[in-house]
Amino acid sequence: MQERRTEPRKTLISYTQVFDLYGGYLIGYLADLHLKGAMVIGSKAITINFEVTLAIELPDLPKVKAARMTVPARVVWCQKDISPDFFNIGFEFKALPDEQKKVIQAIMDNYEFRRDMPSYPAKPPSATRK
């Protein structure tokens, strides 16, 4: 399947709850995030094209005092997770003001799971035996 995403996706290490603001229930936990949407891991499937206002509980962020951010979104895909008890749910943000873009960028900058390999010093050449 060809990648259609135009924004880089960031896998997160933060345990961030995501709720249906008006339904008042926990949808799941934020797994990855970008400026146009998010993937949430939840225990129930959600119908594609379902529109919802997400309430994202914010982790501790420098220079951000808010504890929650609300974003109107639409479910664009939903599939079983590798763990059969869960679902991966893809949301597209419908509207994101500049201030919320800054908060999302701060989450990505502070809580991205980094896959960079450490730069270890080179190994010394092995001694040859005589």
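Please treat every number below as a calculation from the coordinates, not as lab data. A quick note: this is a predicted structure, and the numbers were derived from the prediction, not measured.
A cut-off of 5 Å between modelled amide H atoms, ignoring neighbours fewer than 5 places along the same chain, links Ala31 with Met39, Val40, Ile41. Listed values for the stretch 25-34 are Karplus-derived 3J(HN,Hα) couplings in whole Hz (6.51 cos²θ - 1.76 cosθ + 1.60, θ = phi - 60°), namely 10, 6, 7, x, 10, 5, 9, 8, 8, 8, and x replaces Gly and Pro.
For the stretch 13-111, the Kirkwood estimate of the hydrodynamic radius, built from every pair of different alpha carbons, is 13.5 Å.
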